[in-house]
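Participant: One structure, pasted below without further comment.
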Amino acid sequence: MAILSELVLYPIKSCAGISVREATLTRSGLSVDAVYDREWMLIDEHGQFLTQREHPRMALIVPRLLSDTLELRAPGMLRLEIPLGLPDPDHEVTREVTVWEDTVLAYDCDETTATWFSKAIGVPCRLVRFHATATRFSSTKWTGGSAEPTLFSDGYPILVVGQASLDDLNQKMQAAGRAALPMNRFRPNIVIEGIEAFEEDYADHFALGEARLKPVKPCSRCPIPAVDQASGEPGPDPLDILRSYRSKPAMDDKICFGMNAIVTDGDGERLQVGQPVTMTLAF
């Protein structure tokens, strides 16, 4: 039987995730205690988003959910707490920010927060939060024309990876004399155990209670899986091995690992680690 083996929330895009036992599934992604996946993001002085691709030390910024704040820790830094309540409309500071091809409105966090993050990753930056009135949607090319919301993710609300897919890669890594990799190199939201390696590629949908997840687009891989999430430094790079068998012609021969998914049913459904998952294949 397939089961949901891991749930991971990433409050700040490209920073460390939070592994949780339960989460609420929404059309925009996972949510825990009203904190959403990729609800916050770092930007440069021009409003362009920042990620581990250029700033691998972002992996060392570790969030923790407290009762009314998001606590952040990083090596050599005093801890920082960010209020979870939305800014007062009469005093909010906003700016337009860009993530890939989309420009949206965001709340601008304060100067103290900007200084903390700038010191943590070693470049000037600011923290912004997805605005309550902003909208951003996944590419309708892959969603079948359906307008599917997302926040500051790379493009889709949920990333699904099968545990057997990582196991398969690690067998090849070890056969090449290299160290096995943890799942956090690939930054999934949902990990499913009990399906065959890369079987998620061929799923029409996954059923988790009343919820339905539909994989819509293979996740093409950038250099982030080469970053050791524990050290913020380049580690064993799996992309050369993945290239030998995970290049997808339909994706212009990009290296793919995991599937981007949308929520077709069960908006607001509570997910729990260990619950059964039913997979329906697309053929």
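Each value in this text was obtained by applying a stated rule to the coordinates, not by laboratory testing. The model shown is predicted, which means the values in this text are computed figures rather than measured ones. We place every Cβ from the backbone using ideal geometry, glycine too, and count neighbours over all the protein chains shown.
Participant: Given DSSP loops and a limit of at most 10 other Cβ atoms within 10 Å, what is the longest stretch of the chain that contains no such GluC sites (Glu not before Pro)? Intermediate values should be presented prior to the final figure.
Facilitator: On the way: sites that count: Glu45, Glu101.
Looking at the chain, 102-283 is the longest stretch - no exposed GluC sites (Glu not before Pro) with at most 10 other Cβ atoms within 10 Å.
Participant: Okay, moving on. For the chain, what does the relative contact order come out to in percent, with C-alpha contacts under 8 Å and a separation of six or more?
Facilitator: Values: 640 pairs, mean separation 66.9, N = 283.
Once normalised by length, the contact order is 24 percent.
Participant: Net charge around Ala114, counting only other residues with Cβ within less than 9 Å of its Cβ (Lys, Arg = +1; Asp, Glu = -1)? Can you show the working numbers first?
Facilitator: Numbers: positive: Arg126; negative: Asp108, Asp110, Glu111.
Net charge around Ala114: -2.
Participant: Ignoring everything except DSSP H segments at least 4 long, calculate the 222 nm mean residue ellipticity for the chain; use -39,500 (n - 2.57) per segment, divide by total residues, nearest 500. Walk me through the numbers on the way to the answer.
Facilitator: On the way: 4 runs with 33 residues, N = 283.
Roughly -3000 deg cm²/dmol at 222 nm, from the helical runs in the chain.
Participant: Return the Rg/Rh value of segment 10-137, two decimal places, where both radii are evaluated on C-alpha atoms and Rh is the Kirkwood radius.
Facilitator: Working: Rg = 13.8 Å, Rh = 14.9 Å.
Using Cα coordinates only, the ratio equals 0.93.
Participant: To two decimal places, what compactness ratio does segment 84-197 give when its Cα radius of gyration is scaled by 2.2 N^0.38 Å? List each step's numbers first, then the result.
Facilitator: Working: Rg = 19.2 Å, N = 114, 2.2 N^0.38 = 13.3 Å.
Dividing the Cα radius of gyration by 2.2 N^0.38 Å gives 1.44.
Participant: May I ask you to compute the full-extension gain from Glu54 to Glu96, defined as 0.36 nm times their residue separation minus their alpha-carbon distance, rounded to one decimal in nm? Before the final figure, lay out the partial values.
Facilitator: Details: separation 42, 0.36 × 42 = 15.12 nm, distance 2.15 nm.
Contour length minus Cα-Cα distance gives 13.0 nm.
Participant: Let me ask something additional. Is the C-alpha gyration tensor of segment 106-145 telling us rounded, prolate or oblate? Criteria: a/c under 1.5 is rounded; beyond that, a/b larger than b/c is prolate, otherwise oblate.
Facilitator: Working: a/c = 6.66, a/b = 2.28, b/c = 2.93.
Note, shape of segment 106-145 comes out oblate.
Participant: Report the chymotrypsin sites (Phe, Trp or Tyr not before Pro) located in segment 27-131 that are in a DSSP loop and have at most 14 other Cβ atoms inside 10 Å of their Cβ, or state none.
Facilitator: Details: sites: Tyr36, Trp40, Phe49, Trp100, Tyr107, Trp116, Phe117, Phe130; in loops: Trp100.
Hits after loop and neighbour filter: Trp100.
Participant: One quarter of the convex hull surface, Cα atoms only: what value does that give for the chain in nm²?
Facilitator: On the way: hull surface 59.2 nm².
Directional mean of the projected Cα hull area for the chain stands at 14.8 nm².
Participant: Count charges around Ile18 for me, please; just the other residues with Cβ under 14 Å from its Cβ, Lys/Arg as +1, Asp/Glu as -1. Working shown, then result.
Facilitator: Numbers: positive: Lys13, Arg21, Arg38, Arg64, Arg73, Arg187; negative: Glu6, Glu22, Asp33, Asp37, Glu39, Glu71.
So the environment of Ile18 carries a net charge of 0.
Participant: Now for a separate question. All other residues with a Cβ under 11 Å from the Cβ of Pro87 taken together, and with Lys, Arg as +1 and Asp, Glu as -1, what is their net charge?
Facilitator: Values: positive: Arg129; negative: Asp88, Asp90, Glu92, Asp108, Asp110.
Once all neighbours under 11 Å are counted, the net charge is -4.
Participant: Further question: Can you tell me the orientation of helix 163-175 relative to the chain, as the angle in degrees between its alpha-carbon axis and the longest Cα principal axis, to the nearest 10?
Facilitator: Roughly 80 degrees between the two axes.
Participant: Given 0.36 nm per residue, what is the gain on full extension from Asp252 to Ala132 after removing their alpha carbon distance, in nm?
Facilitator: Working: separation 120, 0.36 × 120 = 43.20 nm, distance 3.57 nm.
Additional length available on full extension: 39.6 nm.
Participant: Now for a different question. So what's the gap between the Cα centers of segment 224-276 and segment 44-76, to the nearest angstrom?
Facilitator: Segment 224-276 and segment 44-76 have Cα centres spaced 20 Å from each other.
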